[in-house]
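Inspection log for the structure reproduced underneath, given as structure tokens.
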Ligand code: XIL
């Protein structure tokens, strides 16, 4: 459906365009169809039948990617892959508070708006990321996420305004919102952020979901975090917490498992965790998947030190995808970008150096991990149909 609708639209646009070129003027003949607008950046070729998005579409699973909007439009190959391979996009940075309101009271939506319009052109859904977090806050609010010069009441007021303004700005354009990101520590204790301190507890989370729901009642609202993949203090604490949210009828629709995996650790009991959260009556999604491994020092930060590491990476990618495939409520699988050059991993995990975490290499060529995922999707056509067609709540 998705695939054919897109190709038909593009084929007719192409025919009209070449027709106009041949006759010299599209508007010469009375009653002739008006010339279509020129294609915008990334208005791409038809979606290939063996692309990840086309294969995922056959089972109602959205395959997403985080997008670096600096590359989108300016880097032709990056833009083509974004359009052809993925049916959902997540702004890697440009919807974060630091980027949308660097100066108090002045919004800059430009980069995020460009991504939303690219997504519309390419029949992609958008995961909004993220409304409430302790990182990447504007300095006028907090430079570390844990301290602020604002009073508790001011903090409460600015968070309410931020959520209302941002969700309204993108109303109708966002499939899933990561309303709250990373509110718990690895030991399962609430992170004592400026939000936690202002509310004197986790009450900010229910408020955030309610405000977001009021601003866009159709958007699916997610809690998103890392290390939920394996059973342990953090996953257990978040599980208990979202269960209480559901019991209080807080409008939460899903839980996002970031899925930042590393071959130095065992593969987590991910399917089990996706399923137990789903059994609470929630949707689940893998939202930021990458699989890092030890690599050489700069400048070869994407060359694994162990030539066998790639086989562990292939296995982890495959098992991460299959965990989602096996859980009917898992509606999207999103790698955190697709070219190793653009990955956040080498910068954040530099001592010891890790990298090579994505499906495409530094030259934007698909790696063996890509072909494993592609084959898994091709084989999954018999998996249960799920509700990934979006948009939004019933
Ligand atoms: C990362 C981006 O990839 C980097 O470009 C940025 O410098 C820092 O943030 N969890 C999240 C994402 O929820 O927003 C983070 O993205 C990666 C970890």
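The values are calculated or read from the model by the stated rules, or taken from the named source; none is laboratory data. On a predicted model such as this, the values are computed, not experimentally measured, just so you know. All Cβ positions, even for glycine, are placed from backbone atoms using ideal geometry, and neighbour counts span all protein chains on display.
Tabulated data for the structure shown
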quantity	calculated
Any hit, segment 261-276, residues being within 16 Å of the ligand (Cβ to nearest atom) and either within 25 Å of residue 161 (Cα to Cα) or in contact with a helix residue (DSSP H, G or I) (Cβ under 8 Å, 6 or more places away or on another chain) (or both)	yes
For residue 238: the one exception among (1) out of contact with any helix residue (DSSP H, G or I) (no Cβ under 7 Å at 6 or more places or on another chain); (2) more than 30 Å from residue 352 (Cα to Cα); (3) touching a residue at least 24 places away in the same chain (Cβ under 8 Å)	(2)
In segment 240-273, residue surrounded by the fewest Cβ atoms within 10 Å (Cβ to Cβ) [restricted to those that are under 30 Å from residue 313 (Cβ atoms) and out of contact with any strand residue (DSSP E or B) (no Cβ under 8 Å at 6 or more places or on another chain)]	266
Helices (runs of 4 or more DSSP H) (entirely within segment 289-394) containing at least 3 residues that are out of contact with any strand residue (DSSP E or B) (no Cβ under 7 Å at 6 or more places or on another chain) and away from the ligand (no atom under 16 Å from the Cβ)	309-325, 368-379
Count - residues of segment 128-147 that are more than 16 Å from the ligand (Cβ to nearest atom) and under 22 Å from residue 212 (Cα atoms)	1
Restricting segment 89-127 to residues that are part of a strand (DSSP E or B), in contact (Cβ under 8 Å) with a residue 12 or more places away in the chain and more than 12 Å from the ligand (Cβ to nearest atom), the residue that is surrounded by the fewest Cβ atoms within 10 Å (Cβ to Cβ)	103
Any hit, segment 154-175, residues being within 30 Å of residue 271 (Cβ to Cβ), modelled with pLDDT of 95 or more and either buried (at least 19 other Cβ atoms within 10 Å of the Cβ) or touching a strand residue (DSSP E or B) at 6+ places or on another chain (Cβ under 8 Å) (or both)	yes
Single match in 225, 187, 216 (criterion: farther than 24 Å from residue 151 by Cβ, surrounded by fewer than 18 Cβ atoms within 10 Å (Cβ to Cβ), in contact with a helix residue (DSSP H, G or I) (Cβ under 9 Å, 6 or more places away or on another chain) and at pLDDT 95 or above)	187
Residue within segment 138-148 that is touching a residue at least 60 places away in the same chain (Cβ under 8 Å) and either closer than 17 Å to residue 221 by Cβ or not in a helix (DSSP H, G or I) (or both) present	no
Subset of segment 204-235 (residues that are within 27 Å of residue 172 (Cα to Cα) and without any contact (Cβ under 8 Å) to a residue 60 or more places away in the chain)	206, 207, 209, 210, 211, 213, 214, 215, 216, 221, 223, 225
